[in-house]
Amino acid sequence: MSAATALSSLLESLGDARRTLRNDPAMTAFAALVQEGVDAWEAALAAIDGGADGAAHLDVVSRLFTVDPHSTKDIHTAEDMVRLGVGTPSHRLMAGLVPVRRELAKANGPAVSLLRRAVALGKRTQSRWRGSTGREAARVDRDLKLEEVRVAVKHLVEDLRALLDTVREQSRPV
């Protein structure tokens, strides 16, 4: 299940309550998180297009879509309230966004792996032990891997933008 599908089914399950949740802190934080992901990957792509290998952006993009420690308590409380059957629509939204974030992290994984591999190949291009032909071969491998990163990130960013459109469409006022 993709993140967009999971989010659409969550918003559909909320029914009429989703209109009251459009300014809910969980929804605005989720939209900000997705926008942060788009911005982070676009910055990484801009650096790659500028000639860098993306190492400076690796930490940022690898931590995208993870749950921050200070909101973990709120999420556990919301999940408990929903499990006990006394949850409000806000609790259901907060608990329902956890699987959506998991799907986002899963979709982010392949692009991060490709970027890690490209960074490792970039380090090989600077190795003095390889000789000129070995460094040149490593540069070619790195450039090919960076092209794979570009393609994967392009698709990921398109999916993230579609997810943002879904959030805006489903939570806009009627």
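The values are calculated or read from the model by the stated rules, or taken from the named source; none is laboratory data. Predicted model only: the values in this text are computed from it and were never measured. Reconstructed Cβ throughout: ideal geometry from the backbone, glycine too, with neighbour counts over all protein chains shown. Note: accessible area is taken over every heavy atom of the protein model, side chains too, but ligands, DNA and RNA are not part of it. Shrake-Rupley method; radii C 1.70, N 1.55, O 1.52, S 1.80 Å.
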ask   = Which of (1) farther than 16 Å from residue 38 by Cβ; (2) in a helix (DSSP H, G or I) does residue 126 not meet, given it meets every other one?
value = (2)
request  = Please work out if residue 101 is surrounded by 17 or more Cβ atoms within 10 Å (Cβ to Cβ), assigned to a helix (DSSP H, G or I) and basic (Lys, Arg).
outcome  = yes
key: Residue among 166, 133 that is in a helix (DSSP H, G or I), within 19 Å of residue 30 (Cβ to Cβ), more than 15 Å from the chain's Cα centre (by Cα) and not small (Gly, Ala, Ser)   = 166
ask   = From the list 119, 98, which one is free of Cβ contacts under 8 Å to residues at least 60 places away in the same chain and not hydroxyl-bearing (Ser, Thr, Tyr)?
value = 98
ask   = Within the bounds of the stretch 117-136, is there any residue that is within 27 Å of residue 162 (Cβ to Cβ) and of a type in the set (A, V, I, L, M, F, W, C)?
value = yes
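Yes/no matrix, rows are residues, columns are (1) open to solvent by 70 Å² or more (accessible area, probe 1.4 Å); (2) under 20 Å from residue 163 (Cβ atoms); (3) part of a loop (DSSP other than H, G, I, E, B); (4) not aliphatic (A, V, I, L, M):
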| residue | (1), (2), (3), (4) |
| --- | --- |
| 13 | yes, yes, no, yes |
| 33 | no, yes, no, no |
| 37 | no, yes, no, yes |
| 47 | no, no, no, no |
| 56 | yes, no, no, no |
| 59 | yes, no, no, yes |
